[in-house]
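I have placed the structure first, in the form of structure tokens, so that the comments after it can refer back to it.
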Amino acid sequence: MEELTVVQKIAAYALPILFAITVHEAAHGYAAKYFGDLTAERMGRITLNPFKHIDPIGTILLPAISIIFGGILFGWAKPVPVNFGQLRRPKQDMLWVALAGPASNFVMALLWGLVLARVGQFPDAAQAYVSQMSLAGVQINLVLLVLNLFPLPPLDGGRIAVSLLPMSVAIKFAQLERYGMLILIALLFTGILGIVLSPVLRFFQHLLTVLVF
């Protein structure tokens, strides 16, 4: 298979990135609606239209820089608004609303993995592009899955932790949200985040390999 140019590589990553962030955010909205909160629906955010979820810097600029220059693929989308107070059982249902996003990323990683495993069935001229795109789909979705499960508000893992912790501890833990992104960036650039997440990422990579291949 021929080596892809930088432009072709960015194009190969574009579709998986758009699907990854769009379905992830829409999944939160669908789950919130199911458990009683209609905030996202009223704001038109329960949709597979990627333009409703794109953040120009987090969804386009940072991932493009990562693809061109290498390194950790890092970025974000506009979060779907969820009013946890409107859920039927706010503390308990918060877990399922938060888990919906990472769960959708695992399903998408599985689907891209199935495409990757069957890339030889595509025409020869398309195999390099399809291989790169499906590999990107697997990588992006697994990274988003593992990153979002990190137990730090406002990440999904932080919401899950708040749901599972005793109320007195959960209230204090939730207060970390105001500093969450600063803590996350500090952990990223010091390399600590990679050290912590690598074993979890390898676990899901192994699980995906077992399921697909």
Taking region 1-21 on its own, how many of its residues are β-branched (Val, Ile, Thr) and either open to solvent by 30 Å² or more (accessible area, probe 1.4 Å) or without any contact (Cβ under 8 Å) to a residue 40 or more places away in the chain (or both)?
-> 4
Pairs, first over 12 Å from residue 17 (Cα atoms) and open to solvent by less than 40 Å² (accessible area, probe 1.4 Å) in region 45-58, second assigned to a helix (DSSP H, G or I) and at pLDDT below 85, C-beta under 8 Å, six or more apart | 45/52
Positions within region 89-144 being surrounded by fewer than 20 Cβ atoms within 10 Å (Cβ to Cβ), over 20 Å from residue 162 (Cβ atoms) and polar (S, T, N, Q), in sequence order | 121, 127, 131, 139
Conditions (1) closer than 30 Å to residue 115 by Cα; (2) in contact (Cβ under 8 Å) with a residue 60 or more places away in the chain; (3) of a type outside the set (Gly, Ala, Ser): number failed by residue 147 = (2)
Pick out, from region 114-211, the helices (runs of 4 or more DSSP H) lying fully within it that include 2 or more residues that are of a type in the set (D, E, K, R) and under 18 Å from the mean Cα position of the chain (by Cα).
-> 156-164
If you go through region 178-191 one residue at a time, do you hit one that is farther than 30 Å from residue 89 by Cβ, surrounded by 16 or more Cβ atoms within 10 Å (Cβ to Cβ) and aliphatic (A, V, I, L, M)?
-> yes
Matching residues, region 158-177, being small (Gly, Ala, Ser) and surrounded by 11 or more Cβ atoms within 10 Å (Cβ to Cβ) | 158, 161, 163, 170, 174
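The values are calculated or read from the model by the stated rules, or taken from the named source; none is laboratory data. Quantities reported herein were computed from a predicted structural model and do not represent experimental measurements. Don't worry about glycine lacking a Cβ; one is built from the backbone with ideal geometry, like all the others, and counts go over all protein chains shown. For the accessible areas, the whole protein counts, side chains as well, though only heavy atoms, and no ligand, DNA or RNA atoms are used. Shrake-Rupley method; radii C 1.70, N 1.55, O 1.52, S 1.80 Å.
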